[in-house]
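Worksheet for the structure shown next.
The values are calculated or read from the model by the stated rules, or taken from the named source; none is laboratory data. Note that the structure is predicted; figures quoted are calculated from it, not measured. All Cβ positions, glycine included, derive from the backbone under ideal geometry; neighbour counts span all protein chains shown.
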Amino acid sequence: MSMPTTSISMTAPASARPQAICAAPPSRRYLHAERPRRHASMRIHLQAGLSRAAAATLLGGALLMPGAHAATPGHSASPTIGSTATADLGTLLRRIQDAGLQQSYVGTYVTSSGGQISSSRITHYCDGREQIERIEALDGQMRRVFRHNDTIHVLWPARRSALIEQRDLLGRFPQPLPPGDSGRLADSYELMLEADDRVAGLEAQVVTLRPRDTMRYARRLWLERRTGLLLRSDLLGPQGEVLESTAFSELQIGGKLQPQQLLQEMNQLEGYQISRPSYQPTDLGAEGWSLRAPVSGFVAQRVLRRPITPWPTPRSTAEPQPVSQPPGAGASVLQAVYSDGLANVSLFIEPHVAGVSRRETPATVGSTSALSRRLGDWWVTAVGAVPPATLQQFTGSLERKRKP
């Protein structure tokens with residue numbers, strides 16, 4: 001499962017991923033408001049072996065993607081899925097997506113991944129037209145992620161810095177499913193009904209999305225029976241082991257929220273150093289790249305050229321001590337995002353920088369893996385919560401069609 005995040009830039013880990021006007025989906029990471037904090041040693045290892053963008057993505061867990069996927073305001077929630085599981089995958093996906101976008105709620109959720117545990121507090125308001133959200137990391141460095149429709153503010157109060165972006169967030173808890181073709185999803189996953197359960201004191205309907213091949217992981221989802229809101233999401237390994245779990249520990253659905261207060265907090269930026277990164281939409285062909293063969297079930301979502309920025313300098317010695325201005329800073333990295341409707345894979349392509357040591361070594365943090373390889377004058381890194389063999393197919397299939 002996935003949670004809120006930050007942008008795919010080279011910022012510290014986080015956890016929180018919002019979505020757009022009543023709908024949303026992964027990129028430069030404010031991978032900060034939803035994911036467990038990682039050890040300094042892991043970050044140092046990643047910096048040595050992966051691109052900065054890819055390492056930030058891996059540390060953050062899920063991907064954020066600039067752009068907007070707005071859902072239709074006022075669309076009513078779908079009914080509870082029935083017992084004919086084979087025909088109800090599309091109904092299930094619509095029910096989860098609608099509930100996460102149309103319900104107002106306040107709660108605390110906990111993510112367990114890679115032996116690390118983190119918790120976040122989420123306040124979500126939606127009136128059918130506007131979505132306003134605040135996610136606060138309750139562990140480690142104070143971090144708040146605000147979203148008003150497709151505008152994202154990530155605030156680090158301790159160091160008085162802020163990141164402002166226009167983006168969609170893919171795979172955000174409790175809305176892990178971007179709008180898409182449920183028919184295509186059915187080619188990759190099989191829907192299985194499980195016994196009912198309870199989460200955070202609420203009755204839950206449980207389903208498992210079982211992969212039809214070895215290119216992706218299974219997902220088990222707990223839906224609040226009355227509204228369809230996602231209460232818990234587990235990502236399962238090949239043997240059924242839990243690779244990552246995110247679940248509400250307490251939740252209040254409905255009630256009177258104060259959207260104006262959330263907007264006021266979101267825009268209190270006096271005294272903050274504000275970063276507004278820019279992204280240039282493009283496509284692999286125009287950039288001189290192509291995949292020789294498609295990876296089963298995965299379809300290109302978008303391609304962006306984004307600036308490479310240095311790792312932030314921490315204010316506390318308890319934080320990792322990364323390189324403040326690495327070689328190649330100021331350049332750009334190409335990011336291509338692929339999705340099967342549930343799982344997402346990002347390909348990062350950036351020039352090789354002479355004098356920078358980097359290893360073609362796989363790395364894993366929790367459920368998310370990364371794989372880098374040198375391709376002539378370029379470094380290619382694939383990142384995603386998928387089996388390593390899937391990443392190998394992506395990196396092995398990518399080829400340079402022309403010289404820059």
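Could you count how many residues in the stretch 105-130 are touching a helix residue (DSSP H, G or I) at 6+ places or on another chain (Cβ under 9 Å) and over 18 Å from SER233 (Cβ atoms)?
6
What number of residues in the stretch 223-247 are among the β-branched types (Val, Ile, Thr) and either in a strand (DSSP E or B) or under 17 Å from the mean Cα position of the chain (by Cα) (or both)?
The total comes to 2.
Quick one: in the stretch 94-129, of everything that is of a type in the set (A, V, I, L, M, F, W, C) and out of contact with any Leu (no Cβ under 8 Å at 6 or more places or on another chain), which residue is farthest from GLN258 (Cα to Cα)?
That would be ILE117.
Just give me the residues in the stretch 356-391 being closer than 17 Å to PRO211 by Cβ and not in a strand (DSSP E or B), in sequence order.
Residues satisfying the conditions are SER367, ALA385, VAL386, PRO387, PRO388, ALA389, THR390, LEU391.
Determine, yes or no, whether ARG167 is at pLDDT below 85 and either in a helix (DSSP H, G or I) or within 17 Å of GLY341 (Cα to Cα) (or both).
Against the criterion (at pLDDT below 85 and either in a helix (DSSP H, G or I) or within 17 Å of GLY341 (Cα to Cα) (or both)), ARG167 does not qualify.
Look at LEU263 and say whether it is of a type outside the set (Lys, Arg) and crowded, with 19+ Cβ neighbours inside 10 Å.
Taking the combined requirement at face value, the residue does not satisfy it.
Conditions: (1) modelled with pLDDT under 95; (2) under 21 Å from the mean Cα position of the chain (by Cα); (3) assigned to a strand (DSSP E or B). ARG220 meets all but one. Number of the miss?
All conditions are met except number (1).
Hey, can you tell me all the residues within the stretch 259-308 that are part of a strand (DSSP E or B) and among the aliphatic types (A, V, I, L, M)?
ILE274, LEU291, VAL299, ALA300, VAL303, LEU304
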